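**Student:** Below you'll find the structure I mean.
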Amino acid sequence: MIDTHCHIDFPDFDSDREGVIAEARRNGVDRLINIGADIPSSRRSLELAKTNDNIYCTVGVHPHDSKTLTPAFLKEMETMTTSRKVVGIGEIGLDYYRNLSPHDIQKNAFVQQLDLAVTLHLPVVIHVREAMDDALQIMKGYTGRLRGVFHCFPGTTEQALRLAEMGFLISVNGVLTYKNSRMAKVAQEVELETILLETDSPYLTPDPYRGKRNEPAHVSIVCRKLAELRRVDTAEIDKITTRNAEKLFKLVEIFGQ
Ligand code: NI
């Protein structure tokens, strides 16, 4: 299994990062994609990827921090992507729930980073909260030029199907295990070929560990839950979602088996 979205560079893991990576492996989660969320975490993510064979990373500025996206950092992001361990641009997007940056600044930072991804031929990792209509509107302009994933998918089945037509995947996580989660409904209704697994560690811990720190080993719980929802073998879910991630982030093409 691959945890396609985690933040183990965060200070939450400072005391036991190596142990967390080992525990993931013991649970069958042998590759991780550590996601940049702002300037310092993008740098830390790359450092982590460079020093661990089984960790890849993305670089990008989250909508919360869109105010901090400068031309200088866009340039630095471009330089960072010359490392083969950088497999995408993200997480980028729109967040009108917490509204930590004004909407026009968020949209501007989103578009600038989407343009960079097009130029660099890299997939994007997108974070959207309470802003799906605006995000879809913006994404329409990139149809056919860009691939990526809507992480922690916040939308409806109809929106997921539209995104699939535009070449975008969705990713699911511990939210699948929460009562009455819309994510669980969507995950039953779309093609398995459009789904990735993730944890968003240290956030969104699956039941029965809710309330504790999340970690990449818990992708195995997400995988089992999806298997249960779809009435398919866990091994089959593992196989299909791993292949989806390898294809999107070109893991086999670039890194071999
Ligand atoms: Ni995240």
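**Student:** Given Cα pairs under 8 Å that are at least 6 residues apart, what percent is the relative contact order of the chain?
**Tutor:** Relative contact order for the chain comes out at 19 percent.
**Student:** Hey, what did the stretch 166-257 get for relative contact order, percent, Cα under 8 Å, at least 6 apart?
**Tutor:** 27
**Student:** Express in whole angstrom the spacing between the alpha-carbon centres of the stretch 70-113 and the stretch 1-60.
**Tutor:** Each part's Cα centre sits 19 Å from the other's.
**Student:** Under 5 Å between amide H atoms, partner at least 5 residues away or on a different chain: which partners does Tyr56 have, H built in plane at 1.01 Å?
**Tutor:** Leu32, Ile33, Asn34
**Student:** Suppose R0 equals 41 Å. What FRET efficiency, 1/(1 + (r/R0)^6) with r the Cβ-Cβ distance, do Asp30 and Asn99 give to the nearest 0.05?
**Tutor:** For R0 = 41 Å, the calculated efficiency reads 0.60.
**Student:** While we're here: Per residue, what accessible area does the chain have, given a 1.4 Å probe and all protein chains present, in Å²?
**Tutor:** On a per-residue basis, 44 Å².
**Student:** Evaluate the relative contact order of the stretch 1-142 (contact order divided by residue number), counting alpha-carbon pairs under 8 angstrom at least 6 apart; express in whole percent.
**Tutor:** 20
**Student:** Which whole-Hz ³J(HN,Hα) couplings does the stretch 39-54 yield from phi under the Karplus relation 6.51 cos²θ - 1.76 cosθ + 1.60, θ = phi - 60°, glycine and proline marked x?
**Tutor:** For the stretch 39-54, the Karplus-derived couplings read 5, x, 6, 5, 5, 5, 4, 5, 4, 4, 5, 5, 9, 9, 3, 9 Hz, x marking Gly and Pro.
**Student:** Here is a further query. Quick one: net charge around Ile21, please, counting Lys, Arg +1 and Asp, Glu -1 for every other residue with C-beta under 11 Å from its C-beta.
**Tutor:** Net charge in that neighbourhood comes out at -3.
**Student:** Separate question: Where in the stretch 63-106 are there chymotrypsin sites (Phe, Trp or Tyr not before Pro) that are in a DSSP coil and have at most 13 other Cβ atoms within 10 angstrom of their Cβ?
**Tutor:** Sites meeting the loop and neighbour criteria: Tyr97.
**Student:** Still on this structure, I have one more. By the scheme Lys and Arg +1, Asp and Glu -1, what is the net charge of all other residues having a beta-carbon under 15 Å from that of Thr143?
**Tutor:** Counting the neighbours of Thr143, the net charge comes to +2.
**Student:** Further, regarding this structure: Cα to Cα, under 21 Å, and not fewer than 8 places away if on the same chain: which lysines meet these conditions relative to Lys179?
**Tutor:** Lys212, Lys225
**Student:** Next question. Between the stretch 211-254 and the stretch 115-142, what is the separation of their alpha carbon centroids in Å?
**Tutor:** 23
**Student:** Another question, then. Grab the eigenvalues of the alpha-carbon gyration tensor for the stretch 155-257, scale each by 5, take roots, and send me the semi-axes largest first in whole angstrom.
**Tutor:** Each semi-axis is √(5λ); the values are 21, 18, 13 Å.
**Student:** With springs only between Cα atoms under 10 Å apart, run a GNM on the chain and tell me which of Asn52, Asn244, Asn173 wobbles the most.
**Tutor:** Asn52
**Student:** Hey, another quick one. Rank-order 9-17, 212-220, 126-134, 79-87 by packing density, defined as the average count of other C-beta atoms within 10 Å over each peptide's residues, highest first.
**Tutor:** Top to bottom by mean Cβ count within 10 Å: 212-220, 126-134, 79-87, 9-17.
**Student:** Loop-only GluC sites (Glu not before Pro) in the stretch 186-215, please: DSSP not H, G, I, E or B, and at most 16 other Cβ atoms within 10 Å.
**Tutor:** Glu191
**Student:** Per-residue ellipticity at 222 nm for the chain, helices alone: DSSP H runs ≥ 4 residues times -39500 (n - 2.57), over residue total, nearest 500 deg cm²/dmol?
**Tutor:** Calculated mean residue ellipticity at 222 nm is -13000 deg cm²/dmol.
The values are calculated or read from the model by the stated rules, or taken from the named source; none is laboratory data. As the structure is a prediction and not an experimental result, all values here were calculated from the model. FYI the Cβ positions are ideal-geometry reconstructions off the backbone, even for glycines, and counts take in every protein chain you see. Note: accessible area is taken over every heavy atom of the protein model, side chains too, but ligands, DNA and RNA are not part of it. Shrake-Rupley method; radii C 1.70, N 1.55, O 1.52, S 1.80 Å.
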